[in-house]
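K.L.:
Below you will find the structure I want to go over with you.
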Amino acid sequence: MAEKVVIIGSGPAGWTAAIYAARANLNPLVLEGVPKQTPSIQLPGGQLMLTTEVENYPGFPEGITGPEMMEKFKDQAVRFGTRVETLDVVRCDFDSKPFKLTTSDDTVIEAHSVIISTGASANWLGLPNELRLATSGGGVSACAVCDGALPIFRNQPVAVVGGGDTAMEEASYLTKFASKVYIIVRRGEFRASKVMQKRVLSNPKVEVIWHSVVDDVLGMAHLEKLRLKNLQTGAMHDIEVKGLFVAIGHTPNTHFLRETKLGLDPVGYVKLTDGFRTLTNIEGVYAAGDVTDQVYRQAISAAGMGCKAAIDAERWLAEHGID
């Protein structure tokens, strides 16, 4: 028998969708994904699995670690009857109904409705020590809004890698907490808008290091220094920092959708057809969280979209007599 609803992905959006779908007696199946560590780290639970302390999610006045929060989300979903498989979806057939999803163990799962909540992975520099300190909470992050206010970064020097609007936003946010913010740019100019550049460059806490890349991330348990390479001269030098924020973009986890007719933007984010809802261009397929959100990328906004996706799917199934 075809599943009523299959949820692909297991971050805040996926688990929230599962909670709502399970409580609506839809008996959801979550395909939470297989852990991967490449130049981009992908773990069941999403980007929060790389966040040490979450202090801005309502209901946790003392804060909570990202992995612990995702475990609680999962436990709540399972409590109401959600079934979970640690599998990737490698191929989707949305041309006929029920839909057919091929998983990483070659199983084909049929589904009347699908919620896509696979998120977007931060683009990393790909340095071994960078990834090690990112996964251990050692001072490397891909989200200043998520982590920049943590005590370990307050009144300490930090660095941002990147030259676009995201890097400018991250650097501007960090100036509220850090003693100094270095911006490391591989070119001799920013790609960011002039307005964003002016705002950042006018801040006395900011220092730009042009024509440079991070050659190594130094420190055992915690970040201590960055080794920089000047691309014009080849010279190396170290700067002391307690935080590194990599702001070179995100890649939506939608490679398994490329051969479908699902609407994707040029970068690969799922396009929604109604600004307030989670509908896609394929009836019965919904999207929630960072897989469709290039702006906010927060746990709470993703969870809210997961709620909406489950309600949208529930109503669609009821309209078609599938309950």
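The values are calculated or read from the model by the stated rules, or taken from the named source; none is laboratory data. Just so it is clear, the structure is predicted and the values come from calculations on it, not from any experiment. Reconstructed Cβ throughout: ideal geometry from the backbone, glycine too, with neighbour counts over all protein chains shown.
K.L.:
Can you pull out the strands (runs of 3 or more DSSP E) entirely within segment 1-93 that have at least 3 residues that are touching a His at 6+ places or on another chain (Cβ under 9 Å)? Give the steps one after another, and end with the answer.
P.N.:
Numbers: elements: 3-8, 29-31, 83-85, 89-93.
In segment 1-93, the matching strands (runs of 3 or more DSSP E) lie at 3-8.
K.L.:
Taking R186 and the conditions (1) in contact with a Ser or Thr (Cβ under 8 Å, 6 or more places away or on another chain); (2) in a helix (DSSP H, G or I), which numbered condition does it fall short on, given that it satisfies the others?
P.N.:
(2)
K.L.:
Here is a further query. Keeping to segment 192-202, report how many residues are surrounded by 15 or more Cβ atoms within 10 Å (Cβ to Cβ) and outside any helix (DSSP H, G or I).
P.N.:
1
K.L.:
Does Y182 fit the bill of being touching a helix residue (DSSP H, G or I) at 6+ places or on another chain (Cβ under 8 Å) and closer than 20 Å to A122 by Cβ?
P.N.:
On the way: touching a helix residue (DSSP H, G or I) at 6+ places or on another chain (Cβ under 8 Å): no; closer than 20 Å to A122 by Cβ: yes.
So Y182 fails the test.
K.L.:
Then there is this: Find all pairs meeting these conditions: Cβ atoms under 9 angstrom apart; at least six residues apart or on different chains; first residue within segment 65-77 and in the same structural domain as G11 (by TED's automatic domain parsing) and within 15 Å of G33 (Cβ to Cβ); second residue among the aromatic types (F, W, Y) and part of a helix (DSSP H, G or I).
P.N.:
What qualifies is M70/W15; F73/W15; K74/W15; A77/W15.
K.L.:
Among the candidates T273, T260, T278, single out the residue that is closer than 25 Å to K36 by Cβ and in contact with a strand residue (DSSP E or B) (Cβ under 6 Å, 6 or more places away or on another chain).
P.N.:
Numbers: T273 fails: closer than 25 Å to K36 by Cβ; T278 fails: closer than 25 Å to K36 by Cβ.
Of T273, T260, T278, the one residue that is closer than 25 Å to K36 by Cβ and in contact with a strand residue (DSSP E or B) (Cβ under 6 Å, 6 or more places away or on another chain) is T260.
K.L.:
So K74 passes all but one of these: (1) closer than 29 Å to L133 by Cβ; (2) at pLDDT below 95. Which condition number does it fail?
P.N.:
Evaluating K74 over (1) closer than 29 Å to L133 by Cβ; (2) at pLDDT below 95 leaves (2) as the failure.
K.L.:
Let me ask you something else. Could you count how many residues in segment 159-171 are surrounded by 18 or more Cβ atoms within 10 Å (Cβ to Cβ) and in a helix (DSSP H, G or I)? Spell out the reasoning first.
P.N.:
Let us first name the residues in segment 159-171 that are surrounded by 18 or more Cβ atoms within 10 Å (Cβ to Cβ), namely 159-163, 166-171.
So of that shortlist, the ones also in a helix (DSSP H, G or I) come out as 166-171.
Within segment 159-171, residues that are surrounded by 18 or more Cβ atoms within 10 Å (Cβ to Cβ) and in a helix (DSSP H, G or I) number 6.
K.L.:
Tell me which residues, restricted to segment 81-106, are surrounded by 16 or more Cβ atoms within 10 Å (Cβ to Cβ) and hydrophobic (A, V, I, L, M, F, W, C).
P.N.:
Listed by number, the residues that qualify are V84, L87, V89, C92, F94, F99, L101.
K.L.:
Restricting the search to segment 135-172, which residues are within 16 Å of A122 (Cα to Cα) and among the charged types (D, E, K, R)?
P.N.:
Listed by number, the residues that qualify are D147, D165, E169, E170.
K.L.:
Just checking, how many residues over segment 49-68 are touching a Phe, Trp or Tyr at 6+ places or on another chain (Cβ under 9 Å) and crowded, with 21+ Cβ neighbours inside 10 Å?
P.N.:
1
K.L.:
Of P98, P35, P44, P39, which residue is at pLDDT 90 or above and not acidic (D, E)?
P.N.:
Numbers: P35 fails: at pLDDT 90 or above; P44 fails: at pLDDT 90 or above; P39 fails: at pLDDT 90 or above.
Step by step, each of P98, P35, P44, P39 is checked, and only P98 is at pLDDT 90 or above and not acidic (D, E).
A quick yes/no check of all residues on (1) assigned to a loop (DSSP other than H, G, I, E, B); (2) assigned by TED's automatic domain parsing to the domain that holds I8; (3) of a type in the set (S, T, N, Q):
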site	(1), (2), (3)
R227	no, no, no
L262	yes, yes, no
N281	yes, yes, yes
D290	no, yes, no
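K.L.:
Taking segment 129-146 only, how many residues are assigned to a helix (DSSP H, G or I) and touching a helix residue (DSSP H, G or I) at 6+ places or on another chain (Cβ under 7 Å)?
P.N.:
Just the residues of segment 129-146 that are assigned to a helix (DSSP H, G or I), to begin with: 129-135, 144-146.
Next, from what is left, pick out any that are touching a helix residue (DSSP H, G or I) at 6+ places or on another chain (Cβ under 7 Å): 134-135, 144-145.
Residues meeting the conditions: 4.
K.L.:
Just need a number here: residues in segment 222-251 that are acidic (D, E) and over 17 Å from S141 (Cβ atoms). Give the steps one after another, and end with the answer.
P.N.:
Residues of segment 222-251 acidic (D, E): 224, 238, 240.
Among the residues that remain, those that are also over 17 Å from S141 (Cβ atoms) are: 238, 240.
The total comes to 2.
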